[in-house]
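The values are calculated or read from the model by the stated rules, or taken from the named source; none is laboratory data. Everything quoted here is computed from the prediction, not taken from an experiment. Cβ coordinates were reconstructed from backbone atoms using ideal geometry, including for glycine residues, and neighbour counts include every protein chain displayed. The accessibility values were calculated without ligands, DNA or RNA, using every heavy atom of the protein model including side chains. Shrake-Rupley method; radii C 1.70, N 1.55, O 1.52, S 1.80 Å.
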Amino acid sequence: MKKLKSLLLLLFLVLLPFQARGEPVATQIFDSSGRGIAHLRGTEPKAEIPLREIPRALQCAVIAMEDARFYSHVGIDLKGTLRALFTDIAQRKKAEGGSTITQQVARNLYLNPEKSFARKANEALIALKLERTYSKDQILELYLNRIYWGHGAYGIEGASRTYFGKSCRALTIPESALLAGLIQSPENYSPFKSRKTALRRQHLVLNRLAELGYLKKDEAERYKRVPLHFSLKPGESFRAPYFTSWLVAQLSARLGKEAVQRGKLKIWTTLDLALQEEAEKLIKNLVKKEGRVHHFDQAALVAIDPRNGFIRAMVGGFDFEKSQFNRATMALRQGGSTFKPFIYLTAFSQGLSPEATCSDLPVPYSLGNGKKWTPRNFKNERDGILSYRQALEKSNNVIAIKLLNQVGVGEAIDTAHKLGLDTPFAPNLSFGLGACEVRPLDLASAYGVLANGGMRVEPSAVMRVEDAEGRILEEKKNSGHQVFDSRSVATLNQVLEGVVERGTGKGARIGRVAAGKTGTTDDSRDAWFVGYTPQLVAVLWVGNDKNSPMRGDATGGKICAPTWAKFMKLALKKEPPLPFPTPTPAPTPLPSESPPPPFAP
């Protein structure tokens, strides 16, 4: 009975009049005020380009790569299918596709993308009917105008404007070869992801064109040397590229790639586009000016409203066109002294007074393998006896490690985890100097707990998502939960205010209540400033992708803090100054209770 039903279904599909699935349409992305950020283009009627207006070079390049026997088969290429099957068997994996251009049109227009023998059979039958209904040129025109080319572009006109910023009618032979090379895996072969990979595919296409006689070999070699000029950003209205790319990836994982790219969604984000554009300018100026002096080539910035977790700005690198790796969300870098507040918060929760004192005389610690480690201060300087408040303001290494050894490494790591850092940390004393890795976005979220009086709110990039009919698919109503005692957090906030007013973060003063911490790793491979007010937390990192050392006293206080201050002044210019949250009063102990033992410095 099941076989009979399947047979009837196949016959029905063959006899069914053609009616393509609905046109893919655009998804729109807005900032928190409704300003447009990105338009993920679909194939709209105005983007349909007649085949006669599509360059012959592009047509040949696509046929060469996707279906060299296109004009000679009947919709199914048995020779090509068998060749692909034998290749798959020989390599014991799916290494080569066997679908003709006509079969791809059938799949894209009429079938779901599921992989099954039934779908392949349906695909073949529909391809045969397509060949009886339409001419080869009509099928090729359908194909070029409907397939997905990456970065939200459907159809050759959208692809041409996405990658080269011009109509497909003006494409050159080298540009056509590059686009033809994308079809098999547009996101993986995208020049916005890797120029080298995209050009390698382009060379493969040019070689194939020469092999099939469309080009002479010397012509193909000459075209390989022609420089290509890509659009600055993937999409005509693709703003805030690091944020938008990350957002689309996050939503695609939750809602499905098809829905995000083709579902005519309306996505309202948490981004403040005006602030974002200022952040992008500041990062470019920082890398151009200070990077030249101190030998670093990258920087990242992320800003979060700690009260609701909304991401207000995100810059993942110096130049999105050259590198799409988002250092704000993906780069794991050593945090340096930005980890010291986790030690002090642990100690304050155990009863330590910021006014208690400690000497920074270096002492050795056993590493457990017969070796010893003696922490030193920056440039081996000595400060003598300091209060813990002064020690954190000066970012004293020796006292931080002494304190960590006393409160317990495990307890300090537990504090970091409570604040939201989910990276696994090695349980050793080097944790106190940030010799462990963290993402800028995660660090901003953790410091947001301090700005919010001990309450953690998960970071979010989305305010609301609606489908084409106006139904709400997602709506964020971020509520936090208390993860740390507000009194201990208030004590730490007071001390970190001193870091900005008198300590290593003096360059971050902005004329209102602000707290923060500098961070610099060994050989100045990373420099940080993490700072916050009650309304906004911002993290700024600079360094090199190759993790090479910077030069010339490249510290977080010297390089990052001044740019952080410029950003915060812009971000808060319309916000009134606010104090940090007032801690919850301590409960009055019952008469029978004895007070807790004092912290032993």
Exercise. Can you check how the C-alpha radius of gyration of the range 357-415 compares to 2.2 N^0.38 Å, as a plain ratio?
Key: 1.16
Quiz prompt | Charge-dipole axis of the range 128-198 as Lys and Arg at +1 and Asp and Glu at -1 on Cβ define it, positive-most pick from 171, 147, 190 | solution = 190
Quiz prompt | Placed amide H near residue 310: partners under 5 Å, 5+ positions off or other chain | solution = 305, 460
Practice problem: Measure nothing but the geometry: give the 0 to 90° angle between the long axis through the Cα atoms of 195-211 and the longest principal axis through the Cα atoms of the chain, rounded to 10°. | Solution: 20
Quiz prompt | the chain - mean residue ellipticity at 222 nm from DSSP helices (-39,500 (n - 2.57) per run, n ≥ 4, rounded to 500) | solution = -12500 deg cm²/dmol
Practice problem: Can you tell me the 0 to 90 degree angle between the C-alpha axis of helix 136-146 and the longest principal axis of the chain, rounded to 10? | Solution: 10
Quiz item: When you count, for each residue, the other Cβ atoms within 10 Å and take the mean per peptide, how do 325-334, 287-296 rank with the highest first?
Solution: 325-334, 287-296
Exercise. Using 0.36 nm per residue of separation minus the Cα-Cα distance, give me the extension gain between residue 188 and residue 378 in nm, one decimal.
Key: 64.0 nm
Quiz prompt | Carbon and sulfur %, accessible surface of the range 323-468 computed with the full protein complex present, 1.4 Å | solution = 50
Exercise. Using a 10 Å cut-off on Cβ atoms, rank the peptides 401-413, 471-483, 247-259, 430-442 from the highest mean neighbour count down.
Key: 430-442, 401-413, 247-259, 471-483
Quiz item: Quick one: helix 397-407 against the long Cα principal axis of the chain, what's the angle to the nearest 10°, folded into 0 to 90?
Solution: 90
Quiz item: So how far, in whole Å, is the C-alpha centre of the range 371-396 from the one of the range 409-457?
Solution: 21
Quiz item: So for the chain, taking the charge dipole from beta-carbon charges (+1 Lys/Arg, -1 Asp/Glu), which of 320, 58, 503 sits furthest toward the positive end?
Solution: 58
Quiz item: How would you rank 358-369, 188-199, 518-529, highest first, on the average number of other Cβ atoms within 10 Å across their residues?
Solution: 518-529, 188-199, 358-369
Self-check item: Using alpha carbons only: equivalent-ellipsoid semi-axes of the chain, gyration tensor based, whole Å
Solution: 57, 26, 23
